[in-house]
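**Q** What follows is a structure written as structure tokens; I'll ask about it next.
The values are calculated or read from the model by the stated rules, or taken from the named source; none is laboratory data. As the structure is a computational prediction, the values presented were derived from the model and not from experiment. Here the Cβ positions follow ideal geometry from the backbone for every residue, glycine too, while neighbour counts run over all protein chains shown.
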Amino acid sequence: MAKAKIERTQKLFLKSLKEKFAEDPTANQTVYAREGLKQSARKREFVDSGKKMAMARGISMYDPVRCHLGGIPLGQRQLMTYEVSTTGVFVEGDDLHFVNNAAMQQMWDDIRRTILVNMDLAHQTLQKRLGKEVTPETINEYLHVLNHAMPGAAVVQEHMVETHPGLVDDCYCKVYTGDEEMVDSLEPQFVVNIDKLFPAKQAAQLKAAIGKSLWQAIHIPTVVSRTCDGGTTSRWSAMQLGMSFIGAYRMCAGEAAVADLAYAAKHAGVIQMADILPARRARGPNEPGGIKFGHFADMIQGDRKYPHDPARASLEVVAAGTMLFDQIWLGSYMSGGVGFTQYATAAYTDNILDEYTYYGMDYIKDKYKVDWKNPNEKDKVKPTQDIVNDIATEVALNGMEQYEQFPTLMEDHFGGSQRAGVLAAACGLSTSIATGNSNAGLNAWYLCMLLHKEGWSRLGFFGYDLQDQCGSANSLAIRPDEGAIGELRGPNYPNYAMNVGHQGEYAAIVGGAHYGRGDAWSLNALIKVAFADPSLKFDFAEPRREFAKGAIREFMPAGERSLIIPAR
Amino acid sequence: MAYKAQFGPGSSIVAENRRKYMNPGYKLEKIRDMSDEDIVLIMGHRAPGAAYPTAHPPLAEQQEPACPIRKMVAPTEGAKAGDRIRYIQFADSMFFAPTHPYERSYLESYRYRGVDPGTLSGRQIVECRERDLEKYAKELVNTELFDSARCGIRGATVHGHSLRLAEDGMMFDMLQRCILDKKANMVKYVKNQIGEPLDKEVKAGKPMDDKWLKAHTTIFHSLGGVAYRDDAEYIEYVQRIHSLRTKYGFMPVE
């Protein structure tokens, strides 16, 4: 047999396989013990809890022995545990369903409740239209008022209901700018400090891009965005912004000029995390389907924390993206049911995609001399069709051979959609990191899909017949009616709208193109800085670690209601 | 010059098998003899001997609109009679089953009329009029396209294609629709394709040995089979299709 072109003796997935299967990972036969649910601690817990809940509510519920396949429960083969990749934490699959994982919920909460609002226009209006003085001192005072008001407190009214601070403590506003002098003048508690949070090279790029403009990163209460929807974020924040300006700058509440300020302060310079979708999707703005892949790559902060490892940074985007776009967006908003989790977790468990991607890193270093551990724009490879084909083919073949050589690996990714997403992601990431071109990465993804389909005469579920077999025609060579660069695509891009196992990886391919170049951001510097904020409940630099914490029930989310409900 | 189908590229035995199975001019080797009744029992759509339920009256008895397409296309026997559309679904082990999902869909499209194949990773379904289905299904299970241990007839809860084999060499089946009678070296179906117990066992033939499987399979597999990487012509062909689609959309002229 012709050999893979790179020798990797330390397979990253082997430790997980040994832990999971306790058998020789290269054996192609096993004894199926058919032990059923009892082999899983979590399923046993579900059975016990289901019984208790059924008794308490008087309506039957979780009863798998009776209800699953007429008496044949899950677990006729091994119910596997999963290592959340790179964390060393083994969890049960159930713990990675977003309903069972508070960290996953909080990641999406933290995105949906965020809005970025420019202050420059408001300040100009205050100065020129209303004759108010704006200084660092007044800005600090305004931010005090705003951090009082934004969670749901009154600032100018005589008699008004308010929200309990203990329920909305996750709500706040910080500001950031590229103006170092301004940063030094503001109270540190209110500042997302670019110099302190980013490596020097990235910080310099970000400050140059943002310049002297001053931006607010506003995070409304989790409980509010959960009770309402993504569209609420701009409305809630706008109302509190307006009231805070009126209160902090002692303005008349009815003067016509205040209308100018209201527009300038609330709406003129606003960036929502997601665009509104077409009416047929029936969603407001700030819902997952409207997040551009470039923006999502900016929300995830792996490149800030691991600037010398674009592969890892990209893999963090894969994890976060598959969780949000597959598990929550497609799996629940669009489809309903619980099955999408099984597809999505394949991309961020057991170090399998990690192994395939680092194989790609070794290959691009060996063949194309890409110094991927020192990201820069100078050694990027020209994204020709031949080079895309070469990288994608080698990484795809290597991945397929790993699945073949280690039957437990194949058993781990037991569904074709899982394998298809993982193999194509490795090809896409390797190519985008090598070329610095997101569309080259997407093109590699689609070649991998064709290779995979022909090699094994199977791919994923029906949906893979759509986007993956026409994707060659809408990537790399762009015609105006068919393509957009990956940065500007999103979950609602034509053909992407209903297919698990793709969108998170696409976002990572976009990110990888920039992480590989050493860019400080992929599409929007303002979003990059906003999600670097350590005060956010979810750490966007370490999505996988956070998911693992959620799985083992060590993640503390926001928006809890224990203050206002009976103790249990 | 009339178009002559090539059925795909490749210089390996895997590629050659794929071409053979797709080619309607190639006579598939018969290796077992399941009866009409056996097939009907395993599919579970009707009782053996029962009349075919119909979805509409026979075409001869209903007024057909004046349609040039209907004049050009002769209906199948099942369509003529107004049969229901029914299905058979297969799961194929990646450990060298003779056929695999896309290969099944391709070969059915070349060989059979009036079929609607559906292709997934762990299963492949083909739907058509019921009496046509029984005829096609008989060929699909009685010839070299099928191995009783590495292929399964599974309507639901299909998984097994990617899993390790059981200790007796059978593909995993959660519902254990078929079992290996070791003494007789015979696979027997004890449940129909959706897992309902059968009143009597249906013999599905002896499992083929590894040598036979590797000589007849249509999957590349580097663990004991033909590595995909080693069929350079195949790889090159896929790359070429991809490159042409990238450059010229779906009109790939060079």
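**Q** Please specify each residue of the stretch A:38-60 satisfying the condition of being surrounded by fewer than 13 Cβ atoms within 10 Å (Cβ to Cβ) and within 23 Å of A:Ala551 (Cβ to Cβ). Outline the logic, then answer.
**A** Narrowing the stretch A:38-60 to residues surrounded by fewer than 13 Cβ atoms within 10 Å (Cβ to Cβ): A:38, A:41, A:44-45, A:48-49, A:52, A:55-59.
Passing the criteria: A:Lys38, A:Ala41, A:Arg44, A:Glu45, A:Asp48, A:Ser49, A:Lys52.
**Q** Is at least one residue of the stretch A:468-479 farther than 19 Å from A:Thr384 by Cα, at the interface with chain B (Cβ under 10 Å from one of its Cβ atoms) and either within 22 Å of the chain's Cα centre (by Cα) or part of a helix (DSSP H, G or I) (or both)? Show your work before the answer.
**A** Narrowing the stretch A:468-479 to residues farther than 19 Å from A:Thr384 by Cα: A:468-470.
Imposing the further condition that a residue be at the interface with chain B (Cβ under 10 Å from one of its Cβ atoms) reduces the set to A:469-470.
Remaining after also requiring either within 22 Å of the chain's Cα centre (by Cα) or part of a helix (DSSP H, G or I) (or both): A:469-470.
Among the residues of the stretch A:468-479, at least one is farther than 19 Å from A:Thr384 by Cα, at the interface with chain B (Cβ under 10 Å from one of its Cβ atoms) and either within 22 Å of the chain's Cα centre (by Cα) or part of a helix (DSSP H, G or I) (or both), which makes the answer yes.
**Q** Filter the stretch B:83-103 for residues that are in contact (Cβ under 8 Å) with a residue 24 or more places away in the chain, in contact with a strand residue (DSSP E or B) (Cβ under 8 Å, 6 or more places away or on another chain), not in a loop (DSSP other than H, G, I, E, B) and not aliphatic (A, V, I, L, M) and give the result.
**A** B:Asp83, B:Arg86, B:Tyr87, B:Gln89, B:Phe90, B:Asp92
**Q** State whether one or more residues within the stretch A:63-81 are under 32 Å from the mean Cα position of the chain (by Cα), away from chain B (no Cβ under 14 Å) and under 28 Å from B:Arg150 (Cα atoms).
**A** yes
**Q** Hey, among B:Lys71, B:Lys20, B:Lys80, which residue is in a helix (DSSP H, G or I), under 29 Å from B:Ser222 (Cα atoms) and out of contact with any Gly (no Cβ under 8 Å at 6 or more places or on another chain)? Spell out how you get there, then give the answer.
**A** Details: B:Lys71 fails: under 29 Å from B:Ser222 (Cα atoms); B:Lys80 fails: under 29 Å from B:Ser222 (Cα atoms).
Just one listed residue meets the conditions, B:Lys20.
**Q** Contact list please: Cβ distance under 7 Å, first residue in the stretch A:123-137 and over 18 Å from A:Leu214 (Cα atoms), second residue at pLDDT below 95 and in a loop (DSSP other than H, G, I, E, B), pairs at least six apart or on different chains.
**A** A:Leu130/A:Met251
**Q** Only residues that are facing chain B (nearest Cβ under 7 Å), buried (at least 24 other Cβ atoms within 10 Å of the Cβ) and either assigned to a helix (DSSP H, G or I) or in contact (Cβ under 8 Å) with a residue 40 or more places away in the chain (or both): list them for the stretch A:456-467, please.
**A** A:Trp456, A:Arg458, A:Leu459, A:Gly460
**Q** Exactly one condition in (1) in a loop (DSSP other than H, G, I, E, B); (2) crowded, with 24+ Cβ neighbours inside 10 Å; (3) of a type in the set (A, V, I, L, M, F, W, C) is false for A:Ile276; which is it?
**A** Condition (2) is where A:Ile276 drops out.
**Q** For the structure I just gave you, tell me whether A:Leu488 is within 10 Å of chain B (Cβ to nearest Cβ), surrounded by fewer than 24 Cβ atoms within 10 Å (Cβ to Cβ) and at pLDDT 90 or above.
**A** So A:Leu488 fails the test.
**Q** Report, by residue number, each residue of the stretch A:255-273 that is touching a residue at least 12 places away in the same chain (Cβ under 8 Å) and in a helix (DSSP H, G or I).
**A** Selection gives A:Ala257, A:Val258, A:Asp260, A:Leu261, A:Ala262, A:Ala264, A:Ala265, A:Lys266.
**Q** OK, next. For the stretch A:414-439, name all the residues that are more than 18 Å from A:Thr322 (Cα to Cα) and not small (Gly, Ala, Ser).
**A** Those that are more than 18 Å from A:Thr322 (Cα to Cα) and not small (Gly, Ala, Ser): A:Thr431, A:Ile433, A:Thr435, A:Asn437, A:Asn439.
**Q** Which ones in the stretch B:173-192 are within 14 Å of another protein chain (Cβ to nearest Cβ) and either touching a helix residue (DSSP H, G or I) at 6+ places or on another chain (Cβ under 9 Å) or not hydrophobic (A, V, I, L, M, F, W, C) (or both)?
**A** B:Asp173, B:Gln176, B:Arg177, B:Lys191, B:Asn192
**Q** Of the residues A:Met361, A:Met400, which single one is of a type in the set (A, V, I, L, M) and over 15 Å from A:Gly512 (Cβ atoms)?
**A** Values: A:Met361 fails: over 15 Å from A:Gly512 (Cβ atoms).
After ruling out the rest, the residue left standing is A:Met400.
**Q** Same structure again: Exactly one of these conditions fails for A:Val91: (1) within 25 Å of the chain's Cα centre (by Cα); (2) under 28 Å from A:His295 (Cα atoms). Give me its number.
**A** Answer for A:Val91: the failing condition is (2).
**Q** Just to verify a result, which residue in the stretch B:113-133, among those that are in a strand (DSSP E or B) and touching a Gly at 6+ places or on another chain (Cβ under 6 Å), is nearest to the other protein chains (Cβ to nearest Cβ)?
**A** The extreme case among them is B:Ile125.
**Q** What number of residues within the stretch B:134-149 satisfy the criterion of being outside any strand (DSSP E or B), β-branched (Val, Ile, Thr) and touching a Leu at 6+ places or on another chain (Cβ under 7 Å)?
**A** Looking only at that region, the number is 0.
**Q** Within the stretch B:202-254, restricting attention to residues that are touching a residue at least 60 places away in the same chain (Cβ under 8 Å) and hydroxyl-bearing (Ser, Thr, Tyr), which residue is farthest from the other protein chains (Cβ to nearest Cβ)?
**A** B:Thr217
**Q** Filter the stretch B:149-172 down to residues that are touching a helix residue (DSSP H, G or I) at 6+ places or on another chain (Cβ under 6 Å) and either more than 13 Å from every other protein chain (Cβ to nearest Cβ) or among the polar types (S, T, N, Q) (or both), then give me how many there are.
**A** Number of matching residues: 2.
**Q** Taking the stretch A:366-376 as the search range and keeping residues that are in a helix (DSSP H, G or I) and touching a helix residue (DSSP H, G or I) at 6+ places or on another chain (Cβ under 9 Å), which one is nearest to the other protein chains (Cβ to nearest Cβ)?
**A** Per the criteria, the residue is A:Lys367.
**Q** Would you confirm whether or not the stretch A:21-37 contains a residue that is in a helix (DSSP H, G or I) and either hydrophobic (A, V, I, L, M, F, W, C) or surrounded by 18 or more Cβ atoms within 10 Å (Cβ to Cβ) (or both)? Let's see the steps before the verdict.
**A** Here is the first cut: in the stretch A:21-37, the residues in a helix (DSSP H, G or I) are A:21, A:36-37.
Adding the requirement that they be either hydrophobic (A, V, I, L, M, F, W, C) or surrounded by 18 or more Cβ atoms within 10 Å (Cβ to Cβ) (or both) leaves A:21, A:37.
Yes; the residues of the stretch A:21-37 include at least one that is in a helix (DSSP H, G or I) and either hydrophobic (A, V, I, L, M, F, W, C) or surrounded by 18 or more Cβ atoms within 10 Å (Cβ to Cβ) (or both).
**Q** Does the stretch A:377-384 contain at least one residue that is within 14 Å of chain B (Cβ to nearest Cβ) and more than 23 Å from the chain's Cα centre (by Cα)? Lay out the reasoning, then the answer.
**A** We begin by selecting, within the stretch A:377-384, every residue within 14 Å of chain B (Cβ to nearest Cβ); these are A:383-384.
From what's left, more than 23 Å from the chain's Cα centre (by Cα): A:383-384.
Yes; the residues of the stretch A:377-384 include at least one that is within 14 Å of chain B (Cβ to nearest Cβ) and more than 23 Å from the chain's Cα centre (by Cα).
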